[in-house]
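Read the figures in this text as sums done on the coordinates, not as results from a lab. On a predicted model such as this, the values are computed, not experimentally measured, just so you know. As a convention, Cβ positions derive from the backbone with ideal geometry for all residues, glycine included, and neighbour counts pool all protein chains shown.
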Amino acid sequence: MEDILRSLLRGSSTGKASLQVNMLKTGETIKAFVVLREGETLTAEEVITFCREKLAAYKVPKQVEFMEDLPKSTIGKVLRRKLREMETEKAKKSPLK
């Protein structure tokens, strides 16, 4: 999934670019975390539409979050655990429990 999104974000059909993309399955929902290069723009709808064209329906993200940076380890790997923790904290604070 991440490779498919990266192809969109590297400048394929939309001319958009991204440094990092990460997918996280939160419960039953797939969420894409996207970090755009400075000066680039992309909408959540563009990401979802592109994924619908390239991925099986169950792999298409339902949510897209744009971030300044992704949490990383000292060697530069994305810390998915931290992303899950962030999502858990957001869910706890959400009034829609």
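Some observations on this one:
- Formal net charge of residues neighbouring Val35 (Cβ-Cβ distance under 11 Å; K, R +1; D, E -1): -3
- Each residue of region 61-75 is assigned a 3J(HN,Hα), and the resulting list reads x, 8, 9, 10, 10, 8, 10, 5, 7, 9, x, 10, 6, 5, 9 Hz, derived from the Karplus form 6.51 cos²θ - 1.76 cosθ + 1.60 (θ = phi - 60°), x at Gly and Pro.
- Pairs over the 18 Å Cα-Cα cut-off, from the set Lys31/Lys90; Lys62/Lys90; Lys54/Lys77; Lys31/Lys59; Lys62/Lys92: Lys54/Lys77; Lys62/Lys92.
- A Förster radius of 25 Å combined with the Cβ-Cβ distance from Glu89 to Ile48 puts the calculated FRET efficiency at roughly 0.55.
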